[in-house]
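Working notes for the structure below.
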Amino acid sequence: MQEPNDILQVRNVYKDFSGLKVLTGVDFKVKENEKHAVIGPNGAGKTTLFNIISGKYKPSSGSIIFKGEDISGRSPHVLTRMKVSRSFQITNVFQELNVLENVRAGVRCDHGLRYHFLKTPGSIAEVNKKTEEILTLVGLAEVKQTLARELSYGQQRALEIAVTLSTEPELILLDEPTAGMTREETGEAIKMIDKVTASKTLIIIEHDMDVVFSLADTVSVLHNGSILISGSPEQIRNDQRVKDAYLGEEGD
Amino acid sequence: MKQRSHASLLAWGTLILVAGVLLPLAVRQYQLAILTEIIIFALFAVSYNLLLGYAGLLSFGHAMFFGTGAYTVAIVINHIPSLSFFGAVILSLSVTTITGLVVGSFLLRHKGTPFALLTLAFNALFYAIATKWHSITGGDDGLSIFRPDINIGFAQLSTSSIPAFYYITFIIIGLVMLFSWYFTRTAMGQTVLLMRENEERMKFLGYNTNVSRLILFVFTGFLAGLAGIFYALFFQFTSITAISIDMSTIVLLMVIIGGTGSFVGPIIGACVYIYLQDFLSDITDRWPFIMGLIFIFMILYVPKGLSGLIYSLIERLRGRRHLSRKVEIAE
């Protein structure tokens with residue numbers, strides 16, 4: 001079943017929280033460099049799925065295969081070092097630090113500056129250069145000295161993505177990056193996401209169908225804890241089951 | 001702004017150095033002894049604040065390292081004849097560090113209340129060992145020691161006089177304190193701060209936060225151990241006070257009085273505590289009662305400690321409105 005270019009396979013993953021069955025056999029694959037959207041009504045288990053792939057939770061059963069290796073149940077820091085990185089639906093950055101330090105925290109981790117007793121975080125030119133690159137990429141270079149908590153909402157969401165990118169991931173998981181944004185901000189954010197995830201693999205949870213259809217190569221619909229269907233945006237748009245499951249609940 | 005802070009840092013550093021070197025010429029022996037004690041406790045308090053202020057970890061057991069240092073140095077000096085001054089210090093520091101590693105490995109997964117209670121329990125265990133293992137620790141009687149001389153190849157330096165020991169303390173602990181300050185700006189020091197800010201995100205950035213906590217714990221134990229070693233060498237005596245929960249409470253009070261929000265806070269706290277104790281115990285036998293009242297007042301009305309008070313006065317004088325000052329984060 002394993003195709004050589006599958007970077008991620010989620011195999012029959014179950015998750016229940018003290019009896020509450022959230023995921024009931026999730027199966028899907030993501031190819032290298034694919035832009036894969038996961039959609040589904042509220043409570044379908046999308047974020048739980050992310051929490052399992054990124055190591056926050058262990059699956060009750062089933063496995064996660066990343067680059068041919070079973071990674072289910074590994075700690076977040078181990079997965080991060082394997083180049084898996086995720087963002088959070090609710091901005092989860094270092095609010096009392098400035099933008100530069102937020103991003104540098106992730107960059108320096110991979111450059112021998114995790115626990116160093118002599119070197120300061122800004123002592124390696126390579127680290128500073130990468131940090132600047134990421135800041136420019138997400139459009140925060142101008143506000144790099146601003147404290148995270150003083151940023152506008154749109155900038156906070158951009159910082160969330162910048163911090164996610166700071167570990168230089170190969171597989172990026174974005175959990176509703178445009179949540180709470182205006183139409184205009186969303187449009188900008190999508191352009192930015194498209195740019196920063198070029199030549200990387202992206203899995204994105206999204207509610208906004210415009211975003212999904214403009215960004216994704218493949219869409220998986222999560223419904224009642226399992227994948228209803230995976231396919232191209234066209235297939236998903238025209239699928240009757242999706243209309244029933246998704247629009248039936250939210251489109252009133 | 002940065003230029004000026006560097007300049008003022010240099011000015012302060014020079015001032016402290018000059019004052020530290022010249023003081024023995026100006027003050028009486030008794031005052032110098034008090035000053036030596038203050039330097040030792042300042043390091044103890046600084047090490048404690050790396051846990052409480054920088055990492056947000058409340059420990060009720062910091063005396064276990066202070067006491068381990070104090071006991072080990074006394075034991076090795078008494079049992080190994082012809083052990084040099086630095087030999088005794090280094091040997092005792094190694095023992096304290098290993099102790100930190102062992103205790104820390106039980107604590108590294110814990111924060112908040114479980115961490116506080118576990119440190120309390122460990123401290124009680126260490127105290128029990130010190131009291132009951134009479135043949136080694138002297139139990140309630142404690143251990144007396146002679147300070148070994150310092151041998152630097154061509155010359156023998158006597159450590160027995162008060163000024164001599166003051167200079168040794170000032171230089172060694174001063175350097176270690178300087179490094180502790182630098183530590184707060186290093187990658188590891190910043191990792192500790194970032195973890196206090198948002199530990200979950202740190203995990204998702206590739207940091208093993210349990211390992212970080214262990215490293216910090218061992219480091220603060222090392223510093224507290226060094227303070228304990230000098231405490232024993234200073235008094236030429238180690239008693240169960242050094243490893244008691246009282247000692248853990250004293251360092252907590254010093255840090256609270258001085259303020260957890262800055263590096264110098266605990267140093268100010270140690271100064272005030274030792275001077276108050278000295279001053280009040282001269283006047284009355286009921287000095288602990290008065291100190292208790294002062295602490296209650298401080299915690300109720302000056303929650304940011306004396307350093308917080310000083311900073312907000314300075315800011316007010318400069319006409320700024322931002323009075324809150326957190327532990328600094330280096331650029």
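Quick notes
- A:Thr167 vs. criteria closer than 28 Å to A:Leu49 by Cβ, part of a loop (DSSP other than H, G, I, E, B) and within 10 Å of another protein chain (Cβ to nearest Cβ): yes
- When we screen A:Glu176, A:Glu168 for residues that are out of contact with any helix residue (DSSP H, G or I) (no Cβ under 7 Å at 6 or more places or on another chain), surrounded by fewer than 21 Cβ atoms within 10 Å (Cβ to Cβ) and at pLDDT below 95, the only hit is A:Glu168.
- Selected residue (only one of A:Gly45, A:Gly25 is small (Gly, Ala, Ser) and in contact with a Gly (Cβ under 6 Å, 6 or more places away or on another chain)): A:Gly45
- Taking the numbered list (1) of a type in the set (A, V, I, L, M); (2) within 9 Å of chain B (Cβ to nearest Cβ); (3) under 24 Å from A:Gln9 (Cβ atoms) in turn, A:Leu97 passes all entries but (3).
- Selection of segment A:14-33 for residues being under 26 Å from B:Lys203 (Cβ atoms), touching a strand residue (DSSP E or B) at 6+ places or on another chain (Cβ under 8 Å) and assigned to a loop (DSSP other than H, G, I, E, B) yields only A:Glu32.
- A Cβ distance below 7 Å, combined with a sequence gap of six or more or placement on separate chains, defines the contacts here; from segment A:108-129, residues that are in contact (Cβ under 8 Å) with a residue 12 or more places away in the chain reach residues that are assigned to a loop (DSSP other than H, G, I, E, B) and hydroxyl-bearing (Ser, Thr, Tyr) in the pairs A:Cys109/A:Thr167; A:Cys109/B:Tyr207; A:Asp110/A:Thr167.
- Residue match in segment A:151-158 (condition: facing another protein chain (nearest Cβ under 10 Å) and either assigned to a loop (DSSP other than H, G, I, E, B) or open to solvent by 30 Å² or more (accessible area, probe 1.4 Å) (or both)): no
- Cβ-Cβ under 9 Å pairs, at least 6 apart or on other chains, segment A:170-182 side free of Cβ contacts under 8 Å to residues at least 40 places away in the same chain, far side part of a loop (DSSP other than H, G, I, E, B): A:Thr178/A:Glu206; A:Thr178/A:His207; A:Thr178/A:Asp208; A:Met181/A:Asp208
- Of all residues in segment B:229-242 being open to solvent by 10 Å² or more (accessible area, probe 1.4 Å) and in a helix (DSSP H, G or I), the one that is nearest to the other protein chains (Cβ to nearest Cβ): B:Tyr231
- Residue under evaluation A:Ile64, criteria (1) facing another protein chain (nearest Cβ under 8 Å); (2) in contact (Cβ under 8 Å) with a residue 40 or more places away in the chain; (3) open to solvent by less than 50 Å² (accessible area, probe 1.4 Å); (4) outside any helix (DSSP H, G or I), criterion not met: (1)
Conditions (1) part of a helix (DSSP H, G or I); (2) among the polar types (S, T, N, Q); (3) surrounded by 17 or more Cβ atoms within 10 Å (Cβ to Cβ), marked per residue:
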position: B:Leu10; (1), (2), (3): yes, no, no
position: B:Gly13; (1), (2), (3): yes, no, no
position: B:Ala19; (1), (2), (3): yes, no, no
position: B:Ile38; (1), (2), (3): yes, no, yes
position: B:Ser47; (1), (2), (3): yes, yes, yes
position: B:Leu52; (1), (2), (3): yes, no, yes
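- Here A:Pro177 meets each of (1) outside any helix (DSSP H, G or I); (2) closer than 30 Å to B:Ile215 by Cα; (3) more than 14 Å from chain B (Cβ to nearest Cβ) with one exception, condition (2).
- Remark: B:Ser307 falls outside the filter, which requires a residue to be assigned to a loop (DSSP other than H, G, I, E, B) and under 17 Å from the mean Cα position of the chain (by Cα).
- Odd one out for B:Ala88, checked against (1) within 28 Å of B:Gly258 (Cα to Cα); (2) touching a helix residue (DSSP H, G or I) at 6+ places or on another chain (Cβ under 8 Å); (3) not in a loop (DSSP other than H, G, I, E, B): (1)
- A:Tyr57 being open to solvent by 50 Å² or more (accessible area, probe 1.4 Å), on the phi < 0 side of the Ramachandran plot and at the interface with chain B (Cβ under 7 Å from one of its Cβ atoms): no
- Matching residues, segment B:174-193, being open to solvent by less than 40 Å² (accessible area, probe 1.4 Å) and in contact (Cβ under 8 Å) with a residue 24 or more places away in the chain: B:Gly174, B:Val176, B:Met177, B:Ser180, B:Phe183, B:Thr184, B:Met188, B:Gly189, B:Gln190, B:Val192, B:Leu193
- Against the test of being among the polar types (S, T, N, Q), in a helix (DSSP H, G or I) and at the interface with another protein chain (Cβ under 9 Å from one of its Cβ atoms), the options A:Thr120, A:Thr136, A:Thr80, A:Thr131 yield a single qualifying residue, A:Thr80.
- Lone unmet requirement of (1) at pLDDT 95 or above; (2) under 20 Å from B:Leu35 (Cβ atoms) for B:Ser160: (1)
- The set of residues in segment A:81-123 that are open to solvent by less than 40 Å² (accessible area, probe 1.4 Å) and over 24 Å from A:Arg149 (Cα atoms) comprises A:Lys83, A:Val84, A:Leu113.
- Residue check for B:Leu175: of a type in the set (A, V, I, L, M, F, W, C) and within 14 Å of another protein chain (Cβ to nearest Cβ): no
- Considering residues of segment A:67-77 that are on the phi > 0 side of the Ramachandran plot and open to solvent by 30 Å² or more (accessible area, probe 1.4 Å) only, the residue nearest to the other protein chains (Cβ to nearest Cβ): A:Lys67
Every residue, every condition in (1) assigned to a helix (DSSP H, G or I); (2) open to solvent by 60 Å² or more (accessible area, probe 1.4 Å), yes or no:
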{"site": "A:Lys191", "(1), (2)": "yes, yes"}
{"site": "A:Ala198", "(1), (2)": "no, no"}
{"site": "A:Leu202", "(1), (2)": "no, no"}
{"site": "A:Asp210", "(1), (2)": "yes, yes"}
{"site": "A:Phe213", "(1), (2)": "yes, no"}
{"site": "A:Ser220", "(1), (2)": "no, no"}
{"site": "A:Leu228", "(1), (2)": "no, no"}
{"site": "A:Ile236", "(1), (2)": "yes, no"}
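- Being open to solvent by 50 Å² or more (accessible area, probe 1.4 Å), in contact with a strand residue (DSSP E or B) (Cβ under 8 Å, 6 or more places away or on another chain) and either outside any helix (DSSP H, G or I) or charged (D, E, K, R) (or both) is a condition met by at least one residue of segment B:139-146.
- Test result for B:Arg196, open to solvent by 10 Å² or more (accessible area, probe 1.4 Å) and part of a helix (DSSP H, G or I): yes
- Residue list for segment B:207-228, filter: at the interface with chain A (Cβ under 10 Å from one of its Cβ atoms) and buried (at least 24 other Cβ atoms within 10 Å of the Cβ): B:Tyr207, B:Leu216
The values are calculated or read from the model by the stated rules, or taken from the named source; none is laboratory data. Not measured: the values here are computed from a predicted model. Neighbour counts are summed over all protein chains in view; Cβ atoms, including those assigned to glycine, are modelled from backbone coordinates with ideal geometry. Just the protein is used for accessible areas: all its heavy atoms, side chains included, with ligands, DNA and RNA removed. Shrake-Rupley method; radii C 1.70, N 1.55, O 1.52, S 1.80 Å.
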